[in-house]
Amino acid sequence: MVVCPTIAGRASALAPAERLEEAQGLALAIGLVVEDAISLTLRKVHPNTLFGSGQVDDIRVRCDMADAELVVIDGALSPVQQRNLEDRLKRKVIDRTGLILEIFGERAATAEGRLQVELAHLDYQQSRLVRSWTHLERQRGGFGFLGGPGETQIEADRRMIRNRMSRIRRELEQVRKTRAQHRARRKRAPWPVIALVGYTNAGKSTLFNRLTQSEVMAEDLLFATLDPTMRAISLPGIAKAILSDTVGFISDLPTQLIAAFRATLEEVTSADLILHVRDIANPSHVEQASEVMAVLEELGIEEEAGEGPTLIEVWNKADRLSEDDLHELSERAANRDDVVLISAVTGLGLEQFSDIIANTLTKDAQTYEFDLAASDGAKLAWLHAHGDVLEEQSLTDETGQLLRRIIVRLNPKEAGQFSGI
């Protein structure tokens, strides 16, 4: 059973009905069968059970009628609230953070992803040992190196969790350093990096697959993608660019996950271009976009101040729009140079989409003229591979040496790299 609490008078990014639908989507994403779902308004937060006594009784009755084995509370529960609700409902209870952690734990495919999920889960679980373990009140003696005499089992268990978290943080710090080295190498390379970001299930992976001819997991599920994937693509006037697919964002994303996945999300901050993919057919797309921008700001991306990568909004899932909405949004997108309307499924608008990306990445390009020795094949090949060659001709200098005059368009990054060759 899914229960979506709404506190009266407190603003929320999504309307109660939309929040309830999203909560059911989270449950379905991990294979749960939702027998019943309800949205409850709380006049005040009860510190012991979150809900009022009558609401708890109502939830228990509905669970009995639906024969529900698990209750998902779409909100944050304290350890005390979680334990008391389990006592009252006689069923396992899990909150929004715990559910998202379960999804991430099931989907993480790489060693790095599993480390990040484990760190977030341990951070979440260490305050809930009282609820989860049955042997915590036992006491045992110690020999000094295992803990002092009379140390309770819960203290020992918490110490083991802290030690494990420290080890994982050290391993993730090494991952962060390795990623930083890879980013530094990519900056020295001539290829621009493009990052896909967006609310979960906005269609990032479907778009990624269409652009790269890949088969990254792309399903109509929340958090279908966890581990970042990079592929090379070609664009008009750009021989090669690197496209990166990232984990989807969601409202009230657990702070443990933002911290644990920071090494992965930092890939976004180093991109030359960010494509914010939005499910424009979703009634809550405005609220979802606000949640994504809030996470980007937390990562330190300040595009408006000109201190970060350029951001383009990709209005996806145009195939799900009504004819009137499609016409209206097409006109709105046409009047903005930072928006493109597409369907990653049908391919609608993808040609214009590629042109906009290419024009954005090359907008600062300038035309250069170089006279190079005809024997300098390395520089000639580099310019052909990384620049837009406009004209090329053979000539000789005053000494009779054969030269190649080449007129080429380069962006500032490429021009700087060429000067260092």
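Considering every residue within the range 238-248, establish whether at least one is assigned to a strand (DSSP E or B), modelled with pLDDT under 80 and among the aliphatic types (A, V, I, L, M). Please lay out each step first, then the result.
The initial filter retains those residues of the range 238-248 that are assigned to a strand (DSSP E or B), namely 238-245.
Applying the additional criterion that residues be modelled with pLDDT under 80 yields 238-240.
Then drop every residue that is not among the aliphatic types (A, V, I, L, M), which leaves 238-239.
Yes, there is a match, as at least one residue in the range 238-248 is assigned to a strand (DSSP E or B), modelled with pLDDT under 80 and among the aliphatic types (A, V, I, L, M).
Name the pairs whose Cβ atoms lie under 9 Å apart, with the first residue in the range 396-418 and under 18 Å from ALA241 (Cβ atoms), the second β-branched (Val, Ile, Thr) and assigned to a loop (DSSP other than H, G, I, E, B), and 6 or more positions between them or separate chains?
Once the first residue is under 18 Å from ALA241 (Cβ atoms) and sits in the range 396-418, its partners that are β-branched (Val, Ile, Thr) and assigned to a loop (DSSP other than H, G, I, E, B) give ARG409/THR362; ASN411/THR362.
What pairs come out if I take residues in the range 374-387 that are closer than 19 Å to LYS413 by Cβ and pair them with residues that are assigned to a helix (DSSP H, G or I) whose C-beta lies under 6 Å away, six or more apart or interchain?
HIS386/GLU414
Considering only residues that are surrounded by fewer than 14 Cβ atoms within 10 Å (Cβ to Cβ) and either touching a strand residue (DSSP E or B) at 6+ places or on another chain (Cβ under 6 Å) or free of Cβ contacts under 8 Å to residues at least 12 places away in the same chain (or both), look in the range 29-43 and name the one that is farthest from ALA108 (Cα to Cα).
The initial filter retains those residues of the range 29-43 that are surrounded by fewer than 14 Cβ atoms within 10 Å (Cβ to Cβ), namely 31, 33, 41, 43.
Checking the rest, the ones that are also either touching a strand residue (DSSP E or B) at 6+ places or on another chain (Cβ under 6 Å) or free of Cβ contacts under 8 Å to residues at least 12 places away in the same chain (or both) come to 31, 33, 41.
Details: GLY31: 16, VAL33: 22, THR41: 34 Å.
Only one residue tops the list, namely THR41.
Can you report the number of residues in the range 360-404 which are within 19 Å of GLY416 (Cα to Cα), out of contact with any helix residue (DSSP H, G or I) (no Cβ under 8 Å at 6 or more places or on another chain) and among the charged types (D, E, K, R)?
5
So, in the range 97-155, of the ones that are under 26 Å from the mean Cα position of the chain (by Cα) and part of a loop (DSSP other than H, G, I, E, B), which residue ends up modelled with the lowest pLDDT?
Among them, the one singled out is ALA109.
For the range 376-421, what are the residues that are farther than 30 Å from ALA271 by Cα, exposed (fewer than 11 other Cβ atoms within 10 Å of the Cβ) and polar (S, T, N, Q)?
GLN393, SER394, THR396, THR399
The values are calculated or read from the model by the stated rules, or taken from the named source; none is laboratory data. Just so it is clear, the structure is predicted and the values come from calculations on it, not from any experiment. No Cβ is skipped: glycine too gets one built from the backbone with ideal geometry, and neighbour counts run over all protein chains shown.
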